[in-house]
Amino acid sequence: MKTVEIPGSKSCTNRALVIAALADGISVLRKVLVSDDTVYMVNALKQFGIRIEEKGDSLIVRGGHFHAPKKVINVGNAGTTMRFLATFASLAEGKTTITGSKRMQERPIQDLLDGLRQLGVNACSKKKNGCPPVVIEGNLKGGKCRISGNKSSQYFTSILMCAPYAERDVEIEVSGDLTSKPYIDVTIGIMENFGVKVINENYKKFVVRKNQKYQPGEYTIEGDASNASYFLAAGAVLGEGVRAANINPMSNQGDIKFAGVLEKMGCVVKYGKDWIEVKGGELHGIDIDMNSMPDVVQTLAVVALFAKGKTRIRNVPNLRIKETDRIKALAIELRRVGAKVKEFEDGLEITPGEYKAASIETYSDHRMAMSFAVAQLKIPGLKIKNPRCVRKSFPDFWVRFAKLRL
């Protein structure tokens with residue numbers, strides 16, 4: 001049995017940072033993830049005047065008082081940081097400009113900007129193409145807005161977290177079906193931990209009443225379920241037990257259910273208070289809707305290489321607007337190692353073939369690199385280009401993953 005400690009959640013760290021910055025007083029965030037994305041968030045909040053101090057694996061945040069930054073904020077390729085700060089900036093007096101990497105400037109954000117405009121904020125795409133850089137000016141007045149639910153739950157999270165500080169109640173209506181619902185559960189859970197209630201009307205409408213304020217305090221970041229997936233997948237393809245420690249099986253994180261997906265494929269899965277263990281068996285392909293856990297689609301696609309029969313992954317069209325077009329990227333790289341792949345607008349169909357060594361393009365996408373690390377365990381000579389891109393969410397991934405090779 002091999003055991004690997006999973007670091008703190010990127011999603012929870014960045015949400016907790018924004019909320020702690022809004023809370024008037026001192027908050028202590030424990031077991032935070034230190035990665036490129038979270039560092040971008042910390043540095044951006046400091047530009048707003050928020051005082052943040054690092055102490056061991058904790059961050060001490062002195063929140064409640066901030067102002068529009070004097071310089072343009074650059075968030076690199078950190079999507080959560082870009083989206084969360086768009087609404088946060090609406091609470092700072094003055095004008096805020098937020099930009100990012102070349103890829104970030106291709107990623108859509110117009111739906112969020114339109115939602116903010118409905119709530120009284122002067123928010124626009126600087127190049128008028130619906131993508132960053134964005135310019136935010138004006139106060140968050142509140143009221144009602146309507147946003148399409150099929151692109152990103154982060155648009156809703158962004159507004160929800162700042163909604164308590166609007167002048168009026170905030171009501172967000174969802175147009176269509178909301179993707180990645182568990183991430184909204186994570187957001188609401190952290191908001192409630194800091195003292196703010198959200199009314200969730202079956203993911204069709206969210207209401208946040210005015211005059212609620214976050215209460216500063218202590219918050220411990222739980223282990224990252226997305227990052228645990230690579231180690232659980234390793235257990236699946238190696239056929240021996242791998243335990244992911246520092247992970248809560250009862251977490252709101254949608255990706256916690258990935259272990260159940262592996263169980264459907266033939267693995268033996270065990271759960272403890274703060275760990276999940278997977279031992280591979282004779283794997284078989286499955287047909288599955290992954291809308292609630294899109295960030296582990298790449299992990300599943302690689303596991304499918306070693307399963308008997310076809311695996312059909314459905315209902316994840318929003319993967320095309322992530323760090324790269326993940327559906328297209330997966331199709332290309334899976335074929336490179338010998339699989340037959342049909343590409344659909346909303347997903348993939350993968351049929352295993354005869355493995356062959358290849359050099360895998362990562363497209364500067366951390367999850368491409370970490371997913372294909374699982375394939376390296378079974379395909380001799382497989383190489384991964386730009387392995388350092390994992391710093392976005394899991395800086396010491398390669399060190400921890402190497403333990404599985406011993």
- Query: Scanning the stretch 36-70 for residues that are charged (D, E, K, R) and under 28 Å from ASP365 (Cβ atoms), which turns out surrounded by the fewest Cβ atoms within 10 Å (Cβ to Cβ)?
  - Reply: GLU54
- Message: Can you confirm whether MET250 is among the aliphatic types (A, V, I, L, M), free of Cβ contacts under 8 Å to residues at least 24 places away in the same chain and closer than 27 Å to THR3 by Cα?
- Response: yes
- For the stretch 24-35, does any single residue satisfy the condition of being under 30 Å from THR324 (Cβ atoms) and either free of Cβ contacts under 8 Å to residues at least 12 places away in the same chain or surrounded by fewer than 22 Cβ atoms within 10 Å (Cβ to Cβ) (or both)? yes
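Let's see how each residue does on (1) farther than 17 Å from VAL374 by Cα; (2) touching a Lys or Arg at 6+ places or on another chain (Cβ under 7 Å); (3) acidic (Asp, Glu):
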{"site": "ALA307", "(1), (2), (3)": "no, no, no"}
{"site": "LYS322", "(1), (2), (3)": "yes, no, no"}
{"site": "ARG336", "(1), (2), (3)": "no, no, no"}
{"site": "VAL341", "(1), (2), (3)": "yes, yes, no"}
{"site": "PHE344", "(1), (2), (3)": "yes, no, no"}
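For the stretch 1-31, which positions are closer than 17 Å to ALA228 by Cβ and out of contact with any Phe, Trp or Tyr (no Cβ under 7 Å at 6 or more places or on another chain)?
At the first step, the residues of the stretch 1-31 found to be closer than 17 Å to ALA228 by Cβ are 1-13, 31.
Result: MET1, LYS2, THR3, GLU5, ILE6, GLY8, SER9, LYS10, CYS12, THR13, LYS31.
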- Of all residues in the stretch 150-190, how many are over 24 Å from GLN105 (Cβ atoms), small (Gly, Ala, Ser) and free of Cβ contacts under 8 Å to residues at least 60 places away in the same chain? 4
- Quick one: which strands (runs of 3 or more DSSP E) lie wholly within the stretch 1-102 and hold at least 1 residues that are within 19 Å of PHE394 (Cβ to Cβ)? 2-5, 25-30, 51-55, 58-63
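Every read-out reported here was derived from the displayed coordinates using simple, explicitly stated rules and does not represent laboratory data. Being a predicted model, the structure only gives us computed values, none of them experimental. So basically every Cβ, Gly included, is an ideal-geometry build from the backbone, and we count neighbours across all protein chains shown.
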